Each structure stands twice: as structure tokens, then as C-alpha cells.
Amino acid sequence: DDDDDEDDDEFEQQIRLVATSPGSAITGRAKIELESEHGTTKQEFEVEIEKAAPNTTLRIRVQIAGSGVFDFGQLVTDGDGKAKVRFRSDPSGSDRTLLPHLPSGKTVVDFQVIEITNNNVAVLSGLF
């Protein structure tokens, strides 16, 4: 039997983030990934936006099933209005650590709604 990865499990989903204001050019995407391998679970959550206001500090908010809305911190656009951030359960390089943001017993699979906000007003949103 060459199939030695019976206990391996992988989940990945990517969504478009759409502008909440008509006529706004801002666009984005979010991706969640969960991989279980040999009893170890790795998780990833990535957000990427384009055509936002340049050099602007935005916030990432995530609605998690049965747990409410959680603030995942800042997302700062560059001079071209682009920004990208990745949260991982095993961060490296510029990754941010994911686990402190997750409520006990929840994973990225429990993410329901992503909102990118500017001064507490949603500018982008998407549903998982």
C-alpha cells in the first residue's frame, strides 16, 4: 500500500473582497488554508488588497462562527495603494502569528466574513 497519507487532510478556500461603496476602485482577496499532517495542523490566513488609498492604515476584522468578530490588526497600504499580509500558525519572515487571534477550539475553517475597515467603516468585505 503506497498510500501512506491517509491521516493527511487539506482545506483551502479563496474569496474576492468587494468594495462596500459603489464606484470605489478598491479590490482584494482573502485566502484560508488548513493542513493536517501526521497529527500536526498548520493554518494560514492571507489578505491582499489593491487600488486602496495610498499610505493608509486599514484594519482586518474577521467574523468567526459562534464566536463573534475579531480584530486581526492593521494592514498598511504602500504608495500604490497595495497591501498584503499573511498570518500563519508557524510564521516565518514577515508572516504574522495566527494563533493568538483564534478563539479556543476554532480554526480558519470557522471564518465566515472578512471586512477591511478604514476608521471603523468597512471598505471591503467578503464571505467564506
task: Please give the strands (runs of 3 or more DSSP E) falling wholly within the stretch 54-110 in which 2 or more residues are over 12 Å from the mean Cα position of the chain (by Cα) and of a type outside the set (D, E, K, R).
output: 57-64, 68-76
message: Show the residue pairs meeting these rules: Cβ distance below 7 Å; 6+ apart or different chains; first residue within the stretch 72-93 and free of Cβ contacts under 8 Å to residues at least 12 places away in the same chain; second residue loosely packed, with under 14 Cβ neighbours inside 10 Å and among the β-branched types (Val, Ile, Thr).
response: Pro91/Thr97
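Pick from the stretch 37-53 the residues that are more than 25 Å from Ser104 (Cβ to Cβ) and not in a loop (DSSP other than H, G, I, E, B): which of them is most open to solvent (accessible area, probe 1.4 Å)? Even if it seems obvious, please write down each step before you answer.
Taking the stretch 37-53 first, the residues more than 25 Å from Ser104 (Cβ to Cβ) are 48-53.
With not in a loop (DSSP other than H, G, I, E, B) added as a condition, the list becomes 48-50.
On the way: Glu48: 52, Ile49: 2, Glu50: 75 Å².
Only one residue tops the list, namely Glu50.
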query: So which residues in the stretch 61-87 are within 20 Å of Leu127 (Cα to Cα), open to solvent by 40 Å² or more (accessible area, probe 1.4 Å) and touching an Asp or Glu at 6+ places or on another chain (Cβ under 6 Å)?
result: Arg61, Lys84, Arg86
Those residues of the stretch 74-97 which are more than 16 Å from Glu48 (Cα to Cα) and touching a Lys or Arg at 6+ places or on another chain (Cβ under 8 Å), in sequence order: Ser89, Asp90, Thr97
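The values are calculated or read from the model by the stated rules, or taken from the named source; none is laboratory data. Remember, predicted model here, so these are calculated numbers, not experimental data. Note that we place each Cβ from the backbone using ideal geometry, even for glycine, and neighbour counts take in every protein chain shown. Just so you know, the surface numbers come from the protein's heavy atoms only, side chains and all, with ligands and any DNA or RNA stripped out. Shrake-Rupley method; radii C 1.70, N 1.55, O 1.52, S 1.80 Å.
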